[in-house]
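**Q** Pasting a structure below so you can have a look.
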Amino acid sequence: MNAFRGVFMMLKSERNFQLEFLAFLINLFLIFYLKLSNIDTILILIVSFGVLSAEILNTAIEKICDIIHPEFDKRIGFIKDISAGAVILMTIVSVIVGIFVYWKYIF
């Protein structure tokens, strides 16, 4: 149950996670509205949960860094930047997968 509490805490407090969760809900709607195949549904769910998971890990890393070293430090900044980089890479691949999957249903 603590894991679900963590997800709800992210929804309550983290703006990026809220936006990414909104994108997930839109994808759920599109899965049913466009009647995606099982494989396409799995692809969309994998990348959607990948983005959400990457954001949770990024937030955890940032919070740990803030506790360990609250003042500005370029080494901490580097750590935060590379963890945010993981999120953006997952987001980019999610958009690419979304284009490939949804293209055939929309056009």
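**Q** Can you tell me which residue within the range 1-53, out of those that are open to solvent by less than 60 Å² (accessible area, probe 1.4 Å) and not in a helix (DSSP H, G or I), is nearest to residue 86 (Cα to Cα)?
**A** 14
**Q** Within the range 54-79, can you find the residues that are farther than 17 Å from residue 13 by Cβ, assigned to a helix (DSSP H, G or I) and either open to solvent by 30 Å² or more (accessible area, probe 1.4 Å) or in contact (Cβ under 8 Å) with a residue 40 or more places away in the chain (or both)?
**A** 68, 74, 75, 78, 79
The values are calculated or read from the model by the stated rules, or taken from the named source; none is laboratory data. No experiment lies behind these values; they were computed from the predicted model shown. Positions of Cβ are generated from backbone atoms using ideal geometry, with glycine treated the same way; all protein chains shown enter the neighbour counts. These area figures cover heavy atoms from the full protein model, side chains too; ligands, DNA and RNA do not enter into them. Shrake-Rupley method; radii C 1.70, N 1.55, O 1.52, S 1.80 Å.
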